[in-house]
Amino acid sequence: MIGFDADDTLWENEVFFHQAQMKFIELHPHIKDPEELILQIEKENIKFYGYGIKGFILSLLEASVRFSNNQPNFQNIDKIINIGKDMLAQNIQLLPEVEETLRHLSEHYMLIMITKGDLLDQRRKVERSGLLKYFSSTEIVSEKDEQTYLEILEKYNISPQDFLMVGNSLKSDVLPVRNIGGTGIYIPHKFTWKNEEVESTFDLERVVELQTISALKVWLKNEI
Ligand SMILES: [Mg+2]
């Protein structure tokens, strides 16, 4: 069984957060070190809102209000709300060679999509992606840690040794799967959220780095 992360593994995602953050910074030139501030507020808020666009926009609103000297700029508030709605309406942009790779692999393996975030938004993206036909199922989870992966494997009655997980986050896709005895396939993406970054540890067993998703076909042919 092969698990695929979705955001920034199958389609573009983080780049839209990056663009939204740039718009926020343009609207708030008085905030010093805004990237660091936004990351800090987002991290504090994960326990309240989880991952996804809605939580991100609430964090931007909080940053805007917090640094307004008790005089919130309602035009900026309105603009931030609209930035969020535009993000939620954004079309899916598949990454190169995703569809043909999934088509090929789905003929030989059971594929499941494992993505974390806001249920409504993730479901909307999965449905619009046109990729559902290649997957046996989709798991939308609130956190991707060892426990989550063990529960998913138990549900499908698959042992960790027979499981590969493919994704762009070492923290969420690769290391927890490797830690439970599966294999993590790391495919880096140019934009990865700072909260997903960990020290690279590529001397680890059962962790493989590939540069593109299509390299997976070749790797599987050689390894298995
Ligand atoms: Mg990802």
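If Val177 passes every condition in (1) under 25 Å from His108 (Cβ atoms); (2) open to solvent by 80 Å² or more (accessible area, probe 1.4 Å); (3) within 16 Å of the ligand (Cβ to nearest atom) but one, which one does it miss?
Of the numbered conditions (1) under 25 Å from His108 (Cβ atoms); (2) open to solvent by 80 Å² or more (accessible area, probe 1.4 Å); (3) within 16 Å of the ligand (Cβ to nearest atom), the odd one out for Val177 is (2).
Please work out if Lys190 is under 18 Å from the mean Cα position of the chain (by Cα), under 25 Å from Glu100 (Cα atoms) and either within 16 Å of the ligand (Cβ to nearest atom) or in a helix (DSSP H, G or I) (or both).
yes
Which one of Lys171, Lys144 is part of a helix (DSSP H, G or I), assigned by TED's automatic domain parsing to the domain that holds Lys116, closer than 17 Å to Asp8 by Cβ and touching a residue at least 24 places away in the same chain (Cβ under 8 Å)? So that I can check it myself, show each step before the final result.
Values: Lys144 fails: part of a helix (DSSP H, G or I).
Step by step, each of Lys171, Lys144 is checked, and only Lys171 is part of a helix (DSSP H, G or I), assigned by TED's automatic domain parsing to the domain that holds Lys116, closer than 17 Å to Asp8 by Cβ and touching a residue at least 24 places away in the same chain (Cβ under 8 Å).
In region 175-185, which residue that is of a type in the set (A, V, I, L, M, F, W, C) and at pLDDT 95 or above is farthest from Thr148 (Cα to Cα)?
As a first pass, look at region 175-185 and keep what is of a type in the set (A, V, I, L, M, F, W, C): 175, 177, 180, 185.
Applying the additional criterion that residues be at pLDDT 95 or above yields 177, 180, 185.
Values: Val177: 10, Ile180: 11, Ile185: 17 Å.
Of everything passing the filter in region 175-185, Ile185 is farthest from Thr148 (Cα to Cα).
Out of the residues in region 1-34 that are small (Gly, Ala, Ser) and more than 10 Å from the ligand (Cβ to nearest atom), which is farthest from the chain's Cα centre (by Cα)?
Ala20
Pairs needed: first member in region 4-29, in contact (Cβ under 8 Å) with a residue 60 or more places away in the chain and open to solvent by less than 10 Å² (accessible area, probe 1.4 Å); second member anywhere, away from the ligand (no atom under 11 Å from the Cβ) and hydroxyl-bearing (Ser, Thr, Tyr); C-beta distance under 7 Å; at least 6 residues apart or different chains.
From residues that are in contact (Cβ under 8 Å) with a residue 60 or more places away in the chain and open to solvent by less than 10 Å² (accessible area, probe 1.4 Å), the pairs are Leu10/Ser129; Trp11/Ser129.
The values are calculated or read from the model by the stated rules, or taken from the named source; none is laboratory data. Just so you know, these numbers come straight off a predicted model, no measurement behind them. Using ideal geometry, Cβ is built from the backbone for each residue, glycine included, and neighbour counts are taken over all protein chains shown. The area values use the complete protein model at the heavy-atom level, side chains included, leaving out ligands, DNA and RNA. Shrake-Rupley method; radii C 1.70, N 1.55, O 1.52, S 1.80 Å.
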